[in-house]
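Asker: The following block contains the structure, expressed as structure tokens.
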Amino acid sequence: MNIDLSHRQSGSGHITTITYSREEKLNSLNSTGIKDLHQAFISLMNDEDLRAIVLTGSGPKAFFGGADIFEMSELDSKGAKEFITSLHKLFLAIRSHPVPVIARINGYTLGAGMELAAACDLRVSVDTAIFGMPEVRVGLPSVIEAVLLPRLIGWGRSNYLVLTAENISATTAYEWGFLENICTENNLDEQINAISDAIACSGAIAVRSQKALVGKWEQLSLEDSINAGIDAFEKAYKTGEPNIMMQPFLNRKKRK
């Protein structure tokens, strides 16, 4: 298994880091790796003390260098459908996970790797990382979660990536809105910890509710999204969490 799970206490729970280790292949995703990653995310679904997940690739060169081209070169049409469907199921497990998933981007992020980052809720990258969607260069369209790119960076920029297969720098990816932050390699973990700690120090139920609500915003009409928010706001009070979380603020006001 090419997966390592590590845990760090934060706030009222813990942060889990999932590291995919296939460094000699730039952390490219083969069928085994896809299955193992999917299982790792599924195994954390019912962890009530989990506050956030950090996803990264091992080593300093690559986050995920794409799908394994050697395996793809041997696929027939049936195998191709099975391979790409399993990859989509992994991305869906990330997007539907109850807690936020943060992409810790430490290097090359290409093809399926860029889609994997897009499926995460937040993306923080080293300033030396390279991004791209090279599928058309090997005779394939960019599919499945490439559909998220226009939502993140717009249609024109998405078209540039998937039609030209040209790479872009981390700075460009940040300026286009794909990344939430860029930093030096030495500061990457500091940035990741700051974001995950901020999540862990917020209301655990509220954060899970917020992620679920954002997922609905992607699919519902404006009016239905607002109504879903009203329902979520009402349900929050039934949990008792607002009363607990507001108390420190109220106490500070009283002291003044």
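Asker: Assuming a viscosity of 1.306 mPa s and a temperature of 10 °C, what translational diffusion coefficient in µm² per second does Stokes-Einstein assign to the range 13-58, Rh being the Kirkwood radius over Cα pairs?
Answerer: Using the Kirkwood radius from Cα pairs, D works out to 139 µm²/s.
Asker: Cross-link candidates for residue 89: which aspartates and glutamates have Cα within less than 16 Å, leaving aside residues fewer than 8 places away along the same chain?
Answerer: 36, 115, 145
Asker: Please work out whether the range 204-255 counts as rounded, prolate or oblate from its C-alpha gyration tensor, where a ≥ b ≥ c are the square roots of the eigenvalues and a/c under 1.5 means rounded, while otherwise a/b larger than b/c means prolate and anything else oblate?
Answerer: Prolate is the answer for the range 204-255, as a/c is 1.5 or above and a/b outweighs b/c.
Asker: Can you tell me how the range 56-192 classifies by the Cα gyration tensor, rounded, prolate or oblate, using a/c under 1.5 as the rounded cut?
Answerer: Prolate.
Asker: Grab the DSSP H runs of the chain that are 4 residues or longer, score each as -39,500 (n - 2.57), total them, divide by all residues and round the 222 nm result to the nearest 500 deg cm²/dmol. Working shown, then result.
Answerer: On the way: 11 runs with 127 residues, N = 256.
After summing the helix terms and dividing by residue count, I get -15000 deg cm²/dmol.
Asker: Any idea what diffusion coefficient the chain gets from Stokes-Einstein, in µm²/s, Kirkwood Rh on alpha carbon pairs, 25 °C, 0.890 mPa s? Please report the intermediate quantities before stating the final value.
Answerer: Details: Rh = 19.3 Å.
The calculation lands on 127 µm²/s.
Asker: Specify the residue with the greatest mean-square fluctuation among 39, 210, 219, computed from a Gaussian network of the chain linking alpha-carbon atoms under 10 Å apart.
Answerer: Result for the chain, Cα springs under 10 Å: 219 fluctuates most.
Asker: What whole number of Å gives the distance from the Cα centroid of the range 128-206 to the Cα centroid of the range 70-115?
Answerer: Answer, in whole Å: 14.
Asker: What angle, in degrees between 0 and 90 and rounded to the nearest 10, separates the Cα long axis of helix 204-219 from the longest principal axis of the Cα atoms of the chain?
Answerer: Approximately 50 degrees, to the nearest ten.
Asker: Using just the Cα positions, wrap the range 159-256 in a convex hull and report its mean projected area in square nanometres, one decimal place.
Answerer: 10.4
Asker: Quick one: of 216/238; 25/81; 35/235; 35/238; 25/216; 35/81, which pairs are farther than 27 Å apart, Cα to Cα?
Answerer: Result: 35/235; 35/238; 25/216 exceed 27 Å.
Asker: Highest first, please rank the peptides 178-184, 26-32 by the mean number of other Cβ atoms sitting within 10 Å of their residues.
Answerer: Put in order of decreasing packing, that is 26-32, 178-184.
Asker: What does the highest-first list of 158-165, 87-94, 6-13, 98-105 look like by mean Cβ count within 10 Å?
Answerer: For the peptides 158-165, 87-94, 6-13, 98-105, the packing ranking is 98-105, 87-94, 158-165, 6-13.
Asker: Continuing with this model, one more query. To test your reading of the geometry: what angle, between 0 and 90 degrees and rounded to tens, separates the Cα axis of helix 241-255 from the longest principal axis of the chain?
Answerer: Around 60 degrees separate the two axes.
Asker: What is the helix-to-structure angle for 155-164, meaning the angle in degrees between its Cα long axis and the longest Cα principal axis of the chain, kept from 0 to 90 and rounded to the nearest 10?
Answerer: Compared with the principal axis, the helix lies near 30 degrees.
Where a number appears in this text, it was derived from the coordinates with a stated rule and is not lab data. Given the structure is predicted, the values throughout are model-derived calculations rather than measurements. Virtual Cβ from ideal backbone geometry, glycine too; neighbours counted across all protein chains shown.
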